[in-house]
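Since the structure comes first, as structure tokens, the remarks are kept for the end.
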Amino acid sequence: MLSSVPHRKTWWKWKKTVKVTRSYPTFSSPNAWKAFRGLLPVDGEPNPGVGLGVVEGLLCQKVHSPEFNLFPDSVVFESNFVQVKRGRNWLDIHKASDTTALGVTSSVPCLPLPNIILMASVKWHQGQSQTWNRPSTAPSIFLKRILPLKFVELQVCDRLQRILRLRTITEKIYYLKLHSDHPETVFHFWIQLVEILQKGLSITTKDPRILVTHCLVPTDYCSPSGDAKLVQKKLPASQPSESLIQLVAKEESEVLSQILADLHQQHQPRSSKKAETNKHSSGKETPCEDSIPCTRDLHWRDSFMNGEWERENPSGPQPLSLLSTLAASTRPQLAPPIGNLI
Amino acid sequence: MAYAYLFKYIIIGDTGVGKSCLLLQFTDKRFQPVHDLTIGVEFGARMITIDGKQIKLQIWDTAGQESFRSITRSYYRGAAGALLVYDITRRDTFNHLTTWLEDARQHSNSNMVIMLIGNKSDLESRREVKKEEGEAFAREHGLIFMETSAKTASNVEEAFINTAKEIYEKIQEGVFDINNEANGIKIGPQHAATNATHAGNQGGQQAGGGCC
């Protein structure tokens with residue numbers, strides 16, 4: 001488990017000066033650690049994330065291209081998936097030449113966690129190797145949708161088969177199998193990401209052992225000294241009060257509850273019975289889960305309601321991608337690991 | 001495929017008015033009676049030809065539900081055209097047009113071409129909003145107007161293409177600065193070089209048909 005507890009409700013209380021030159025790994029096994037450390041480039045060396053095809057890949061290129069010019073300063077973490085459906089075995093939904101690019105990014109780079117999911121369909125040329133890392137001929141890639149992460153639940157569905165389950169608040173469920181051309185390491189990245197999205201990230205909280213050079217709050221409130229330690233300080237009067245922030249969070253929560261209530265009404269004929277059924281199957285995949293009423297999982301939505309990364313347009317500086325932050329937290333360290341994540 | 005211009009469109013309007021169905025009809029020429037509620041943005045694209053030029057329409061289908069609106073309105077920026085859709089069988093969707101219009105104008109550029117669409121024209125027996133009302137609203141706010149049916153495909157092509165024609169005309173008239181991407185227009189690779197030489201001559205000039 002993570003050694004630090006996420007502090008979604010209170011993190012804005014602290015003025016942060018974050019120096020992302022060292023942090024503490026949180027991986028469970030040496031192998032996993034070895035894999036994750038590859039995400040962050042070392043000065044002067046090519047970015048290993050690029051080599052693995054999870055950074056600056058085809059989806060990123062598409063989104064950052066002049067055609068879309070979306071989230072230009074944000075890192076995109078992405079992989080190539082095959083959309084599958086449940087049967088006795090997992091069955092491919094599309095032709096082998098059609099795959100799905102799934103990526104996460106942030107609407108603004110300063111957010112501590114990603115808040116956007118990107119999905120694109122990819123059409124590979126006949127007989128072309130679908131290696132995500134620098135294919136010889138670029139396949140056709142079509143951006144299909146942008147989903148705010150707060151309306152999406154991402155889960156590891158089948159570790160052995162490397163399948164993720166993506167469920168939207170509207171009960172659309174995608175089962176995405178990591179493409180066989182991706183090494184195992186890449187699926188570990190996704191496992192890690194799922195964990196982080198669910199539990200937070202120690203670097204986004206108040207872990208005093210993490211030195212942070214960039215500021216996650218408006219410049220006015222940064223320590224001029226640039227001290228590499230976290231500074232706890234009361235916000236000036238001009239900052240929104242905690243109660244105000246809580247009020248905003250509460251309103252967001254109410255809005256979301258309303259959506260869920262609306263959806264619940266739409267799903268009414270099928271919902272009540274299955275809600276009862278699923279009460280007892282929490283955390284387990286069941287064959288009928290495609291029909292799970294959305295009201296069942298209010299708790300997972302609630303757990304996402306209070307983070308700064310929820311905000312689509314936060315004020316303040318945007319010095320470092322939160323995905324970079326994510327990567328930074330996995331950087332090779334001088335100090336030993338302090339905890340296990342998985 | 002190469003194109004001379006790319007126009008960014010947004011489709012906006014209340015939930016359930018048929019925005020996604022219009023997009024699907026336009027891009028895939030099919031109608032899907034039951035559609036998942038859109039969250040965030042869904043994308044579609046299609047090539048059309050105007051004045052002998054290939055134009056790519058990049059269409060952003062936004063969520064109509066009020067609760068998603070704060071998110072989707074951030075994507076209005078940089079649209080050259082907007083399809084503002086209401087449902088002729090639901091008076092409330094027509095009543096909300098002013099709010100949508102204010103939102104669109106506030107979050108996108110002032111030159112954006114807006115096509116007002118009264119959708120579901122096939123459901124004449126359930127009509128709650130007269131065509132004349134739609135026309136009057138459009139006239140009052142300087143919009144183009146059409147009634148469409150995503151189900152029968154009636155006027156769907158025309159709605160998208162007429163909007164593009166209006167944008168194209170504005171380019172010809174120099175209203176749109178095509179070198180400013182905030183206007184939702186991008187020049188295709190093969191036209192970039194040509195347009196660079198014409199860019200300086202654009203301001204207010206009545207450009208000839210073939211030059212851009």
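Averaged over its residues, how many other protein chain Cβ atoms are within 10 Å of peptide B:61-70's Cβ atoms? Numbers along the way, then the final one.
Numbers: counts 1, 1, 4, 0, 6, 4, 11, 5, 1, 6.
The per-residue average across the peptide is 4.
A cut-off of 5 Å between modelled amide H atoms, ignoring neighbours fewer than 5 places along the same chain, links A:LYS144 with A:MET119, A:ALA120, A:SER121.
Each residue, B:ARG126 and A:TRP90, gets one label point 7 Å from its Cα in the Cβ direction; the gap between the two is 4.0 nm. Modelled spin labels at B:ALA2 and A:ASP98, positioned 7 Å past Cα toward Cβ, are 2.9 nm from each other.
Count Lys and Arg as plus one, Asp and Glu as minus one, and take only other residues whose Cβ is under 11 Å from that of B:ARG90; the net charge is then 0. Of the trypsin sites (Lys or Arg not before Pro) in segment A:57-148, the ones in a loop by DSSP (not H, G, I, E or B) with at most 16 other beta carbons within 10 Å are A:ARG88, A:LYS95. Among the trypsin sites (Lys or Arg not before Pro) in segment B:1-41, those placed in a DSSP loop whose Cβ has at most 14 other Cβ atoms within 10 Å are B:LYS29, B:ARG30. Taking amide H positions as modeled 1.01 Å from N, with prolines and chain starts lacking one, the residues under 5 Å from A:SER107 and 5 or more places away or on another chain are A:ASN115, A:ILE116.
Each residue of segment A:65-71 was assigned a 3J(HN,Hα) from its phi angle through the Karplus curve 6.51 cos²θ - 1.76 cosθ + 1.60 (θ = phi - 60°); the sequence is 5, x, 4, 10, 6, 9, 6 Hz, with glycine and proline shown as x. Peptide B:71-82 has a mean of 2 when you count, residue by residue, the C-beta atoms of other protein chains within 10 Å of its C-beta.
Please work out whether segment A:47-199 counts as rounded, prolate or oblate from its C-alpha gyration tensor, where a ≥ b ≥ c are the square roots of the eigenvalues and a/c under 1.5 means rounded, while otherwise a/b larger than b/c means prolate and anything else oblate?
Details: a/c = 1.42, a/b = 1.05, b/c = 1.35.
Rounded.
Across segment B:105-120, coupling constants 3J(HN,Hα) worked out from phi with the 6.51/-1.76/1.60 Karplus curve, θ = phi - 60°, read 6, 6, 9, 9, 7, 5, 8, 4, 7, 10, 9, 8, 10, x, 8, 6 Hz, and Gly and Pro carry x.
In this simple spin-label model, placing a label point 7 Å from the Cα along the Cα-to-Cβ direction at both B:ASN179 and B:LYS53 gives a separation of 1.6 nm.
Once backbone amide H atoms are built at 1.01 Å from N, B:PHE145 has B:LEU116 as its partners under 5 Å, excluding neighbours fewer than 5 places away on the same chain.
In peptide B:40-47, how many Cβ atoms from other protein chains are near each Cβ within 10 Å, on average?
Numbers: counts 12, 7, 6, 8, 2, 3, 0, 0.
Mean inter-chain Cβ contacts per residue within 10 Å come to 5.
Among beta bridges from DSSP that stay inside chain B, the antiparallel ones total about 40%.
No value in this document is a laboratory result; all are computed from the given coordinates. Keep in mind that what you see is a predicted model, and the values were worked out from it rather than measured. Methodologically, a virtual Cβ is constructed for each residue, glycine included, from the backbone with ideal geometry; neighbour enumeration extends over all protein chains shown.
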